[in-house]
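Each reported figure results from applying straightforward, stated rules to the coordinates on display, with no laboratory input. On a predicted model such as this, the values are computed, not experimentally measured, just so you know. Backbone-built Cβ (ideal geometry, glycine too); neighbour counts: all protein chains shown.
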Amino acid sequence: MSVTLDFKSDTVTKPTDAMLDAMMSAEVGDDVFGQDPTINALEAKAAGMFGHEAALFCPSGTMTNQIAIKVHTQPGEEVICDRLAHIYNYEGGGIAMNSGCSVRLLHGDKGRFVANDILENINPDDPHHPRTTLVSIENTSNKGGGAIWKQEEVQRIKKVCAENALKLHLDGARLFNALVETGESTQLIGETFDSISICLSKGLGCPVGSLLIGNADFIYQAIRVRKVFGGGMRQAGYLAAAGVFALDNHVERLKKDHALAKEIGNLLQSQSWVSEVMNVETNIVVAMLADAVKQKQIIQALTKLGIETVAFGHGKIRFVTHLSLPSNALDYTADAFKRLEI
Ligand SMILES: *Cc1c(COP(=O)(O)O)cnc(C)c1O
């Protein structure tokens, strides 16, 4: 039987048997009426973890980010984020389409900017300029190769935001990948941000779902925006049960994904077709190809050997590790690399 190792993304995971059991035995109700007990429990659990008042279960991380931006801003205002940010690159232009805002892009290091960059990019209070009202950071940074933010810098950013009446949002699609490495608490993250988005459908292994976390007034407004965006779901407690299970069982194990990612990174480093591997901090490995022109050819050759990856910008390919990879993934990959003909 031919094996396929799917390194395309940590979104490709399928529920484990234990997760499926939890889903199948969920108690459900109509969540648009606020009557799904499993969704209510998941939201209360997430809010409590971060020391916030409330949370909202949504179909995707794009939706949680876009709802946050919509609630924090008015049309004509400006959002500050890094040029690598998911909210800018991978959400279909939603900041413009949903919120009518412009974006000020910062040129950080692997998706991470510093507090001073914000100070330099807040528009003066003058009718010529869009009003700057929101800053968003992404931890870990996807396009930054899974890079983790330094909490000291995030604290400085929070201070600048507070002094300039800016809201601070966290796109924490892979926040838990950062926290298992730094050991920082969810409570500390909660104190730092006005709103937090976390994805359950990435490394945590759920089939669907993201959470938006914030104070009661923020979530009250977010519920209305979610309805407008078409994200009000009914008996979605079956999905929320996977989220409860993942928060209880799939956080600590992310360290295993990081260990595998480091090994895959080392392996790639020694391949003649790779010129450089970005420093592996979490579960994302980005390899720069020695010959950028061969990008498509290499991805196809790897696919033939059962190794699925994705192009990640010009001359780069990305490997992401996750819980659905088999325990022999490293050996299998090493063997496939030996057989690779390019
Ligand atoms: C995956 C991801 C999201 C959300 O994506 P969805 O596919 O809409 O759930 C948001 N931000 C980052 C950094 C991501 O990697």
What is the helix-to-structure angle for 329-339, meaning the angle in degrees between its Cα long axis and the longest Cα principal axis of the chain, kept from 0 to 90 and rounded to the nearest 10? 50 degrees
Measure off 7 Å from each Cα along the Cα-to-Cβ vector at Gln221 and Glu341, then give the distance between these two points in nanometres to one decimal. 6.1 nm
What order, most packed first, do the peptides 330-342, 235-247, 299-311 have when packing is the mean number of other Cβ atoms within 10 Å of each residue? 235-247, 299-311, 330-342
For Ala290, enumerate residues with amide H under 5 Å from its amide H, sequence gap 5+ or separate chain, H modeled in the peptide plane. Val274, Ser275
Could you let me know the centre-to-centre spacing of the range 96-111 and the range 13-84, using Cα atoms, in angstrom? 23 Å
Using the Karplus curve 6.51 cos²θ - 1.76 cosθ + 1.60 with θ = phi - 60°, what ³J(HN,Hα) values do you get for each residue of the range 252-265, in whole Hz, with x for Gly and Pro? 4, 5, 4, 4, 5, 4, 5, 5, 5, 4, 4, 5, 4, x
Potential lengthening between Lys255 and Leu119 on full extension [0.36 nm per residue; Cα-Cα distance subtracted]: 45.4 nm
Could you work out how far apart the two model spin labels at Ser185 and Ala162 are, taking each label as a point 7 Å from the Cα in the direction of the beta carbon, and quote it in nm? 1.7 nm
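Sum -39500 (n - 2.57) across every DSSP H segment of at least 4 residues in the chain, then divide by the residue count to get the 222 nm mean residue ellipticity, nearest 500.
Computed mean residue ellipticity for the chain: -12000 deg cm²/dmol.
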Expected vector for the range 111-127, Karplus 3J(HN,Hα) from phi with 6.51, -1.76, 1.60 and θ = phi - 60°, integer Hz, x for Gly and Pro, equals x, 10, 9, 10, 4, 4, 4, 5, 3, 6, 10, 7, 5, x, 6, 8, x
Nearest-ten-degree value, helix 37-49 long axis tilted from longest Cα axis of the chain: 90 degrees
Expressed as a whole-number percentage, the relative contact order of the chain with C-alpha contacts under 8 angstrom and at least six residues apart is 25 percent
The chain shape via C-alpha gyration tensor axes, a/c threshold 1.5: oblate
Output the relative contact order of the range 253-339, whole-number percent, from Cα pairs under 8 angstrom with separation of 6+ residues. 29 percent
